[in-house]
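What follows is calculated from the coordinates using simple rules that are stated; it is not laboratory data. None of these values were measured; they are calculated from a predicted model. Quick reminder, even Gly has a Cβ in these numbers, built from the backbone with ideal geometry, and neighbours come from all protein chains shown.
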Amino acid sequence: MQMHEANNPEIGETISIKGIATNYHDQGRGDPVMLIHGSGPGVTAWANWRTVLASLSERRRVIAPDMLGFGYTQRPADNVYSLERWLDHLLGFIDALELERVDLVGNSFGGGLALAFAIKYPQRVRRLVLMGAAGVSFPLTAGLDRVWGYTPSLEAMRELIDLFAYDRSLVTDELAELRFQASIRPGFQASFAAMFPAPRQRWIEALSSSEAHIRALKLPALVIHGREDQIIPLQSSLTLADWIDDAQLHVFGRCGHWTQIEQAGRFCQLVENFLAEAATD
């Protein structure tokens with residue numbers, strides 16, 4: 001680790017998953033909940049979940065990994081990514097921590113992974129939270145096309161933050177600079193560019209689960225979306241809430257793609273109440 005990274009809050013603990021050094025955060029005690037981040041440029045688990053880690057870990061063990069190819073987790077030598085490879089990495093991570101079952105919280109891209117994981121390994125998941133989630137087919141939005149097609153520049157990063165947030169006060173020069181610098185760390189853009197090259201509709205399909213598989217899911221699910229989301233359309237969550245038998249749906253008005261940032265307090269309360277119900281399952 002370089003000296004200037006020594007106090008970087010984005011770097012947590014490290015565990016090897018099939019030879020891949022995986023960076024993750026592990027806070028609190030109790031029933032384990034796994035937080036799976038989205039796929040923005042320069043994203044890390046800490047950047048995605050920093051506003052809710054402390055609150056969610058008050059009553060449970062909260063674990064947030066940098067997924068394969070993201071953040072401070074090692075890149076695979078071939079720089080090739082797929083849903084199956086991400087699922088394999090997540091399963092290996094849960095196994096390495098010796099966790100029998102976890103609650104899964106997936107944001108955007110991470111929602112697609114969480115849903116697919118719950119379908120493939122239902123015995124390993126207790127409850128499911130999907131926020132602004134991928135996982136069903138939808139026409140590629142202009143917002144998502146710009147996120148996945150990001151070419152590093154401060155101006156481009158500011159434009160992306162502008163798309164993510166409904167609350168204009170969040171769109172600051174400081175945040176844009178911070179996330180731009182994150183996106184140009186060594187190796188970050190090379191792996192990101194390899195994940196979702198144009199044409200990008202195919203990657204929405206690649207992250208999607210079938211209607212039959214989703215309808216067959218027996219786990220309780222909480223589906224959350226920001227009404228003003230410009231990245232993933234609200235209709236996706238309406239579809240998920242329709243197809244998942246034991247689903248609850250919560251839509252935040254005056255909220256974009258960052259439900260866990262723009263509505264942090266309400267988000268934590270919703271998730272905590274939903275996960276606490278598992279004690280009576």
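Over all directions, the projected convex hull of the C-alpha atoms in the stretch 96-213 averages 9.2 nm² in area. The distance separating the Cα centre of the stretch 212-229 from that of the stretch 33-96 comes to 20 Å. Look at the dipole of the stretch 1-75 built from charges on Cβ: of Asn23, Val62, Asn48, the Cα furthest out on the positive end belongs to Val62.
Given the peptides 30-43, 250-263, arrange them by the average over their residues of other C-beta atoms within 10 Å, most packed first. Write down the numbers at each step before the final one.
Numbers: 30-43: 23.4, 250-263: 20.6.
Peptide ranking by packing, descending: 30-43, 250-263.
Taking only the Cα atoms of the stretch 180-281, the radius of gyration and Dmax are 16.7, 47 Å. Go ahead and collect, in residue order, the members of the stretch 168-199 whose backbone nitrogen is under 17 Å from a label point 7 Å along the Cα-Cβ direction of Ala77. Output list for this probe position: empty.
Given a Förster distance of 30 angstrom, what is the FRET efficiency for Ala21 paired with Thr151, based on the Cβ-Cβ distance and rounded to 0.05? Numbers along the way, then the final one.
Numbers: r = 28 Å, r/R0 = 0.93.
Computed FRET efficiency for Ala21 and Thr151: 0.60.
Between Arg168 and Glu205, what length in nm is gained on full extension when 0.36 nm per residue of separation is reduced by their alpha carbon distance?
Values: separation 37, 0.36 × 37 = 13.32 nm, distance 3.15 nm.
Computed gain between Arg168 and Glu205 is 10.2 nm.
Listed values (i) 27.8, 83; (ii) 19.1, 66; (iii) 17.3, 51 include one computed from this model; for Rg and Dmax of the Cα atoms in Å that value carries the label (iii).
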